[in-house]
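Below: one structure, written as structure tokens.
The values are calculated or read from the model by the stated rules, or taken from the named source; none is laboratory data. Just so it is clear, the model here is predicted, and its values are computed rather than measured. Virtual Cβ from ideal backbone geometry, glycine too; neighbours counted across all protein chains shown.
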Amino acid sequence: MKHIKFLLSSIAVIFLLISCEKDLPNYLSYENYVFSSADEDGGSWQTTLINSGDEIIIPAPADISSAEYQQELSNLKQEVSNLSDSEEKAIEYWTDNPTIRWNEIALELIAKYNIIPGPNADGTYTLPNPNNPSGPPAFPFAHPPYAVRALAYLSVAQFDGLISAWHYKYTYNRPAPFKQDDEIKYAYSDNNIPSYPSDGAVLASVSRKILTAMFPLEAEYLEAKEAEHLRSLLLSGGYVESDIEAGKIIGNEIATEALERASTDGMKKAQTPKAVSDSIADAAYERFGWKWVNKEIPQRPVGLTPLYSQVRMWNVPNVELTRPIPPPSLDSQAYIDDVKILKDYADNITTERRRIANFWQDGLGTYTPPGHWNEFANRFIVKYKLNPLRSARTFAYLNMAMMDGGISCWDAKYYYHYPRPIQTIEGFKTIAGTPNFPSYTSGHSVFSAAGAEVLAYIFPQEATLVRGWAKEAAISRVYGGIHWTFDAYIGTEQGIDVAQYTIDVAQVDGAD
Amino acid sequence: MINKMHKLKYLFCTLFVVPIMCTHLSAQTPSDAIMMNAEQACILLEYNYGSFDQYWEGSYLRENQTIATVRRNTVMSMMAVGILDKLNFFIGVPYIKTESSDPNGGKFAGASGFQDLSLALKYQIINKEKEKGTFSALATVGFSTPVSNYLPDYMPYSLGLGAPELSYRAIAQYQWKNGLYLRGAGAFLWRGYARAEREYYYNNGSYYTSLMDVPNAVTFEGVLGLWAFKNALQLEFSYMSSNSTSGDDIRSYNAPQPTNNIDSDRLGLFAHFYVPSVKGLGIVAYHNRVVNGRNAAKINTTGVGLTYYFNYRKKQDKNETY
């Protein structure tokens, strides 16, 4: 019997060895890299929220020979001589392209707040209220239209802020502290970019301020992130205190500009009262003989943001310029054919179609489809070693195009008010959650096509890849059972069309 | 006495179902105190039906018309083999079908397929006759892993947690001569990763991976049992607790996911009747109710099954007797 006991204990030991530590990635990890360009002329690129990069004024920096600056330098030497573990980790985490980190923070908050309010005990629904953000339900509900708007304001403000920073960097050409004193080591690769003002500080302040406005319950969390980031900039050896202070001025000012635009862009009115929503539905019924109806139990009285179509666009002069052709009528052959296709997919869920439906689902509780495209952008930014200015440019055009795409898509959704498959196909079941808004066109399709076009413009080597992804994202909704094929195909065309307005702007901003 | 014990052993092999939210945790792991002889084998075929229309979102018990009543139908086959008198081997796999009742607000398709293959070895460490009864202590190690490509990240319809599991269980029982017995069992369940079909999820923070860390769990079971009618009928009343050692809460009105911190307290009744007229045949019936929980389904499960015992080889020469 002894050998049996030995056998059993051996098995137990092997099992314990297999039971190893679990370690999963919480952010994109990458090695420090030398930027593929410094963009010395970046300060002259065209801005969006302000007229030009020199519009925000910061004080001229003290000369590096001044007593004032020398004092800063010696303070810094003392600071960097004695780094704690957490400070070293922070330096490693933030890197010298922190646009990526602030984008990830935005994505995380979107995923945290992308929670749809449930019904009350009496069957009514309470909407999140910005005047009482704690709720319940908490404000905001970071659904795709909200998410892409938050990302757009964040990225556009970052981009303008960095253009402004670049303007002053190459106006004053103040060398970084590690260039002046051998005892100060730089934590990152030397890119030979002047240090006044600190571009990282611009990003920290502008991002904290925009995200706090978009996610008011996260004020404390974001303040701590900003403080950690600013401190890591100093301790990286790349900036003295006055470099950072100047960056903060730009960050705060450009954030104010962005939030001013946001406060009057029409988003406040996007979620309408029931009477308005009903009249929109009735207008569609008059026009086309159909209207979308929410099928949840209890029924939601109002669809998601019926008037998102009225939100101010970034680069499209008038949303109706991008309105797609009408969808097939409910007695047309095209519609009947589509019912057949959807039933076939539902009855024959293949491994591949299921994978695609889930990969692109980006539903409740996630960073949404626009978030997914921001993640792709993050990876390309690292792959092509973009500097923070070019990274912010990527995000700015990506998110402007996707937000314009969302607005255009919502215009089609509520103008045509087309029913979802579960509404018109008796007994139909889906493997993805049917959202609370009309079917035509598919938001995923428009967001993804718009995002892919911008990424294809900025990373032409990836054009085929990203356009393929956009098509897969579009058809994924048909595989999921929540969209018609024409929602997807026409939505893809719509996204390409909308993105062109943004690309036209990008092409003449001075960066190409 | 020898006859009696022999009969007890002959009578029984077990099943063990822990329905939590939408998974069977260690569904087939034997946790009783009974050993089969080296020449015996037992086959179990069982059907159970579980349903819930309430679940705990964190610690808040709620209903959700999106899913209405969720039903789980399970057909399970299991085999137990006495390798040695003191060492038994178990293998089992369930087939599960899930769905929501109509009407429901979500219109989600259910799921169906084979869930996890379970393997276990049970070893009897102590079996001591005392003046008033018998004390026994046993240890079980088990392993289970998905055998189909079911999607664990499709709750509450997913067939299981989708992660490999290693279980270590210790069992102690005292049985009086009048047939009454008390049993306690504690287990540690190590779970690996489940694989989702998305590359990002939120678990109190961002995760850029399709791997989901399924929390480990600790379970405890207390059983009061009785052998009646000349050991033709076994009855049990059980309490079982299961507690994840980590994990996140289900978020408000949101779907559960495999990373959730699941706790549950369950009460159960169990009966196993040995049919005197058919040698080796037994009938099993049970009913379990989850009475308290966290991120768990308030599920009631009822099962019926048949057991069949037979000698799969000729009697071995024995060095030891009972």
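Looking across region A:15-39, just one residue is modelled with pLDDT under 95, in contact with a Phe, Trp or Tyr (Cβ under 6 Å, 6 or more places away or on another chain) and facing chain B (nearest Cβ under 7 Å), and that is A:SER19. Looking across A:ALA138, A:ALA152, A:ALA111, one residue alone is outside the structural domain of A:PRO301 (by TED's automatic domain parsing), surrounded by fewer than 24 Cβ atoms within 10 Å (Cβ to Cβ) and touching a helix residue (DSSP H, G or I) at 6+ places or on another chain (Cβ under 9 Å). It is A:ALA138.
Of all residues in region A:447-460, those satisfying the criterion of being touching a residue at least 24 places away in the same chain (Cβ under 8 Å) and out of contact with any Phe, Trp or Tyr (no Cβ under 9 Å at 6 or more places or on another chain) are A:ALA449, A:GLU453.
Restricted to region B:69-111, and to residues that are part of a strand (DSSP E or B) and within 11 Å of another protein chain (Cβ to nearest Cβ), which residue is nearest to B:ASN149 (Cα to Cα)? Out of the qualifying residues, it is B:ALA111.
Residue-by-condition table, conditions (1) part of a loop (DSSP other than H, G, I, E, B); (2) on the phi > 0 side of the Ramachandran plot; (3) touching a residue at least 12 places away in the same chain (Cβ under 8 Å):
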position: A:ILE100; (1), (2), (3): no, no, yes
position: A:ILE110; (1), (2), (3): no, no, yes
position: A:ILE116; (1), (2), (3): yes, no, yes
position: A:GLY123; (1), (2), (3): yes, yes, yes
position: A:ALA142; (1), (2), (3): yes, no, yes
position: A:LEU154; (1), (2), (3): no, no, yes
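Within region B:163-199, restricting attention to residues that are among the basic types (Lys, Arg) and buried (at least 16 other Cβ atoms within 10 Å of the Cβ), the residue that is nearest to B:LEU226 (Cα to Cα) is B:ARG183. Applying the condition of being among the aliphatic types (A, V, I, L, M) and out of contact with any Gly (no Cβ under 9 Å at 6 or more places or on another chain) to region B:85-111 and asking which residue is nearest to A:PRO119 (Cα to Cα) yields B:ALA111.
When region A:115-130 is limited to residues that are under 24 Å from the mean Cα position of the chain (by Cα) and of a type outside the set (A, V, I, L, M), the one that is surrounded by the most Cβ atoms within 10 Å (Cβ to Cβ) turns out to be A:PRO128. In region A:189-200, is there at least one residue being part of a helix (DSSP H, G or I) and farther than 24 Å from A:GLN71 by Cβ? No, there is no match, as no residue in region A:189-200 is part of a helix (DSSP H, G or I) and farther than 24 Å from A:GLN71 by Cβ. Among residues of region B:117-142 that are among the aliphatic types (A, V, I, L, M), those with a Cβ under 7 angstrom from a residue that is assigned to a loop (DSSP other than H, G, I, E, B), sequence gap 6+ or separate chain, pair up as B:LEU117/B:VAL147; B:ALA120/B:THR29; B:ALA120/B:PRO30; B:LEU138/B:ALA33.
In region A:397-420 there is no residue that is free of Cβ contacts under 8 Å to residues at least 60 places away in the same chain and within 14 Å of chain B (Cβ to nearest Cβ). Taken over region A:250-277, the criterion of being more than 24 Å from the chain's Cα centre (by Cα) and in a helix (DSSP H, G or I) is satisfied by A:LYS274, A:ALA275, A:VAL276, A:SER277. Checking each residue in region A:73-98 for being assigned to a helix (DSSP H, G or I) and either among the hydrophobic types (A, V, I, L, M, F, W, C) or surrounded by 21 or more Cβ atoms within 10 Å (Cβ to Cβ) (or both) picks out A:LEU73, A:LEU76, A:VAL80, A:ALA90, A:ILE91, A:TRP94.
Contact map, region A:248-275: first residue touching a residue at least 60 places away in the same chain (Cβ under 8 Å), second residue assigned to a helix (DSSP H, G or I) and acidic (Asp, Glu), Cβ cut-off under 6 Å, separation 6 or more or different chains; pairs are A:ILE254/A:ASP160.
The residue list B:TRP227, B:TRP190 contains one member that is in contact with a strand residue (DSSP E or B) (Cβ under 7 Å, 6 or more places away or on another chain) and away from chain A (no Cβ under 13 Å), which is B:TRP227. Here B:ASN178 clears all of (1) free of Cβ contacts under 8 Å to residues at least 24 places away in the same chain; (2) within 14 Å of another protein chain (Cβ to nearest Cβ) except the condition numbered (2). Taken over region A:302-324, residues that are of a type in the set (S, T, N, Q), touching an Asp or Glu at 6+ places or on another chain (Cβ under 8 Å) and either in the same structural domain as A:ALA142 (by TED's automatic domain parsing) or assigned to a loop (DSSP other than H, G, I, E, B) (or both) amount to 1. Only a single item in (1) away from chain B (no Cβ under 14 Å); (2) closer than 30 Å to B:GLU63 by Cβ; (3) without any contact (Cβ under 8 Å) to a residue 24 or more places away in the chain is not met by A:SER74, and it is number (2). Restricting A:GLN361, A:GLN310 to residues that are within 14 Å of chain B (Cβ to nearest Cβ) and not small (Gly, Ala, Ser) narrows the list to A:GLN361.
Look at A:LEU389 and say whether it is at pLDDT 95 or above, more than 14 Å from the chain's Cα centre (by Cα) and within 8 Å of chain B (Cβ to nearest Cβ). So A:LEU389 fails the test. Scanning region A:181-229 for residues that are polar (S, T, N, Q) and either touching a residue at least 12 places away in the same chain (Cβ under 8 Å) or more than 19 Å from A:ALA138 (Cβ to Cβ) (or both) turns up A:SER189, A:ASN191, A:ASN192, A:SER195, A:SER198, A:SER205, A:SER207. The set of residues from region A:417-438 being surrounded by 24 or more Cβ atoms within 10 Å (Cβ to Cβ) and part of a helix (DSSP H, G or I) comprises just one member, A:PRO421. Checked against (1) assigned to a helix (DSSP H, G or I); (2) within 29 Å of the chain's Cα centre (by Cα); (3) in contact (Cβ under 8 Å) with a residue 24 or more places away in the chain, A:ASP338 passes all but a single condition, namely (2).
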